[in-house]
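Trainee: Take this structure, written in structure tokens, and hold onto it; I'll ask about it next.
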């Protein structure tokens, strides 16, 4: 497990390179929201999660549930770096007969906890997983990554209401707050602010942090895990397309693959 | 349960849930603020730690049920048939069916026999929606005995289930020796001139129609098709061969339910004339018996359809 900040940065850089290479090879996919989540999955898989890559169904594991299923490349890259998948598999993304579907498919991919892609469903699913863990007195914590645009969906707020009602405190939601959804900026498409107050109003304890400062993010996630009595949400402020100058804060790269020349440039920038 | 006694299917469901809860601590139950109508309230009183009333949140209920199932629980999620799959089709599709999770969706108040609440509360499309989902076991029991057995079987069988029950008290048609089998049609009456396939409350109506027709010297088969998915194609094709014409009767739209499923099986293997006793559009408020008469879902309507299909066969 990577422990130093330098190690974590190196993992995150490799994850970004995987994301770009996979999507470039596939010729389609969602680089923007995968790159904004790269440091979040790094903090989780290499610092926060109690997990065993050799035993993906270990009952006592912490669960990471990716609700924003279009960030699948970020998850696949973290799973490969952790040892759930071979690194060689990554380049088969989105190709016929690959175990790496365009959006996550838990039937096909080792370590994927939920099939996602239709937004808004992961938090409800996570509430169910967390309730089952509580019934079975398992020590597991459920971490669920949602997109900020995903929070337009009414089901997210149904789940938020119910998690607080059932006092589900083994659940930590993480919002990839990159400020951009498919069509444009979230503030122009559907205003989410006052976002933290919405979560507080729904009975959640809110943490806010920089989603690209991995040690700080990991510390915030651990603080959130330890807090008891109510569900917790970490609003991670991120940059869509983080790490690649021409993708950063650019809605065009929500769901568009880089060309060969763009890929070369992007990999150079990531280092 | 004596034959002919009137018992609501949802009452049988509520009792069986408690029995299952006692036998297996992994049984959990969810409801969306209708537990006094779906009868999950009895489980809730007995096992409050394993009962989750999520309020009026059908989509969230299905998602939570999926997460519980993914973590080893056997969730039963209940609401009215209009609200599931209607209010949560995509949640069932993506959170339950795609990963093939062990979620049991048991709905009550199916069909127009809901009565006075009117068309907003009368599910006539739910079977079609449920049967459009690959891998979902879809069951429409004919009485309280079959309901109890179907619910027990669903609890004991890995995989997703949709069980559609009605609101009113209806006659028991099966004795205690009856054994429900998933995917098997049940021949209740053997005849030569035609076969009536029926589900739910229409099974009893079909038996009455067969009695009426026998007085005219017309003998017809009556086959209950409690499992609509997977469908008992063997029994359907055999009946088509044996009797040469078919009537399908269901408390559901003519599109996408029993009639459509039987027609597809028959068209593929043994084309014969068919008639359909089913809904063609939305109904209205009224007493259940009045509505069934007004919208053509009675024994008399089935008998008329049988006479018509026999005439077509002869033509």
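Trainee: Output the residues belonging to segment B:119-148 that are within 15 Å of residue B:11 (Cβ to Cβ) and not in a loop (DSSP other than H, G, I, E, B).
Mentor: Residues satisfying the conditions are B:144, B:145, B:146, B:147, B:148.
Trainee: Moving on. Check whether at least one residue in segment A:150-169 is more than 7 Å from chain B (Cβ to nearest Cβ), free of Cβ contacts under 8 Å to residues at least 24 places away in the same chain and out of contact with any helix residue (DSSP H, G or I) (no Cβ under 7 Å at 6 or more places or on another chain), and report yes or no.
Mentor: There is no residue in segment A:150-169 that is more than 7 Å from chain B (Cβ to nearest Cβ), free of Cβ contacts under 8 Å to residues at least 24 places away in the same chain and out of contact with any helix residue (DSSP H, G or I) (no Cβ under 7 Å at 6 or more places or on another chain).
Trainee: Right, something else. Any idea which of B:65, B:84, B:77 is closer than 20 Å to residue B:47 by Cα, under 17 Å from the mean Cα position of the chain (by Cα) and buried (at least 22 other Cβ atoms within 10 Å of the Cβ)? First the steps, then the outcome.
Mentor: On the way: B:65 fails: under 17 Å from the mean Cα position of the chain (by Cα); B:84 fails: closer than 20 Å to residue B:47 by Cα.
Just a single option satisfies the conditions, and that option is B:77.
Trainee: Got at least one residue in segment B:96-105 being over 14 Å from the mean Cα position of the chain (by Cα), within 13 Å of chain A (Cβ to nearest Cβ) and not in a loop (DSSP other than H, G, I, E, B)?
Mentor: Scanning segment B:96-105 turns up at least one residue that is over 14 Å from the mean Cα position of the chain (by Cα), within 13 Å of chain A (Cβ to nearest Cβ) and not in a loop (DSSP other than H, G, I, E, B).
Trainee: Give the residue, chosen from B:103, B:18, that is at pLDDT 95 or above and touching a strand residue (DSSP E or B) at 6+ places or on another chain (Cβ under 6 Å).
Mentor: Criteria check complete, one pass: B:103.
Trainee: Follow-up. Would you please name the residue that is nearest to residue A:165 (Cα to Cα), looking only at residues in segment A:123-141 that are more than 8 Å from chain B (Cβ to nearest Cβ) and out of contact with any helix residue (DSSP H, G or I) (no Cβ under 6 Å at 6 or more places or on another chain)?
Mentor: Going through segment A:123-141, the residues more than 8 Å from chain B (Cβ to nearest Cβ) turn out to be A:134, A:137-141.
Then keep just the ones that are out of contact with any helix residue (DSSP H, G or I) (no Cβ under 6 Å at 6 or more places or on another chain); that gives A:134, A:137-139.
Working: A:134: 15, A:137: 19, A:138: 20, A:139: 21 Å.
For segment A:123-141, the residue satisfying everything is A:134.
Yes/no per residue for (1) touching a residue at least 24 places away in the same chain (Cβ under 8 Å); (2) in a loop (DSSP other than H, G, I, E, B); (3) closer than 16 Å to residue B:123 by Cα:
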position	(1), (2), (3)
B:248	yes, no, no
B:262	yes, no, no
B:275	yes, no, no
B:278	yes, no, yes
B:290	no, no, no
B:293	no, no, no
B:296	no, yes, no
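Trainee: For segment B:31-50, state whether one or more residues are under 30 Å from residue A:108 (Cβ atoms) and surrounded by 24 or more Cβ atoms within 10 Å (Cβ to Cβ). Break it down stepwise before answering.
Mentor: Kept after step one, since they are under 30 Å from residue A:108 (Cβ atoms), are these residues of segment B:31-50: none.
No: segment B:31-50 contains no residue that is under 30 Å from residue A:108 (Cβ atoms) and surrounded by 24 or more Cβ atoms within 10 Å (Cβ to Cβ).
Trainee: Another question, if that's okay. Inside segment B:67-92, can you point out the residues that are more than 8 Å from chain A (Cβ to nearest Cβ) and assigned to a helix (DSSP H, G or I)? Can you show your working first?
Mentor: If we filter segment B:67-92 for residues that are more than 8 Å from chain A (Cβ to nearest Cβ), which is where we start, we get B:74, B:76-89, B:92.
Within segment B:67-92, B:89, B:92 meet the criteria.
Trainee: Restricting to segment B:13-53, and then to whatever is farther than 18 Å from residue B:81 by Cβ and assigned to a loop (DSSP other than H, G, I, E, B), can you tell me which residue is farthest from the other protein chains (Cβ to nearest Cβ)?
Mentor: Restricting to residues being farther than 18 Å from residue B:81 by Cβ and assigned to a loop (DSSP other than H, G, I, E, B), the top hit is B:24.
Trainee: When the residues of segment A:91-101 are narrowed to those that are surrounded by fewer than 23 Cβ atoms within 10 Å (Cβ to Cβ) and touching a residue at least 60 places away in the same chain (Cβ under 8 Å), which ends up nearest to the other protein chains (Cβ to nearest Cβ)?
Mentor: Going through segment A:91-101, the residues surrounded by fewer than 23 Cβ atoms within 10 Å (Cβ to Cβ) turn out to be A:91-92, A:94-99, A:101.
Going one step further and asking which of them are touching a residue at least 60 places away in the same chain (Cβ under 8 Å), we end up with A:91, A:94-95.
Details: A:91: 25, A:94: 17, A:95: 20 Å.
Taking the candidates together, the pick is A:94.
Trainee: As an exercise: evaluate residue A:115 against (1) part of a loop (DSSP other than H, G, I, E, B); (2) within 8 Å of chain B (Cβ to nearest Cβ); (3) surrounded by fewer than 21 Cβ atoms within 10 Å (Cβ to Cβ) and give the number of the one condition it does not meet.
Mentor: The one condition residue A:115 does not meet is (3).
Trainee: Same structure, new question: What about residue A:104, is it surrounded by 24 or more Cβ atoms within 10 Å (Cβ to Cβ) and under 20 Å from residue B:101 (Cβ atoms)?
Mentor: Values: surrounded by 24 or more Cβ atoms within 10 Å (Cβ to Cβ): yes; under 20 Å from residue B:101 (Cβ atoms): yes.
For residue A:104, the condition - surrounded by 24 or more Cβ atoms within 10 Å (Cβ to Cβ) and under 20 Å from residue B:101 (Cβ atoms) - is met.
The values are calculated or read from the model by the stated rules, or taken from the named source; none is laboratory data. Everything numeric here is computed off the predicted structure, so don't read it as measured data. Neighbour counts are summed over all protein chains in view; Cβ atoms, including those assigned to glycine, are modelled from backbone coordinates with ideal geometry.
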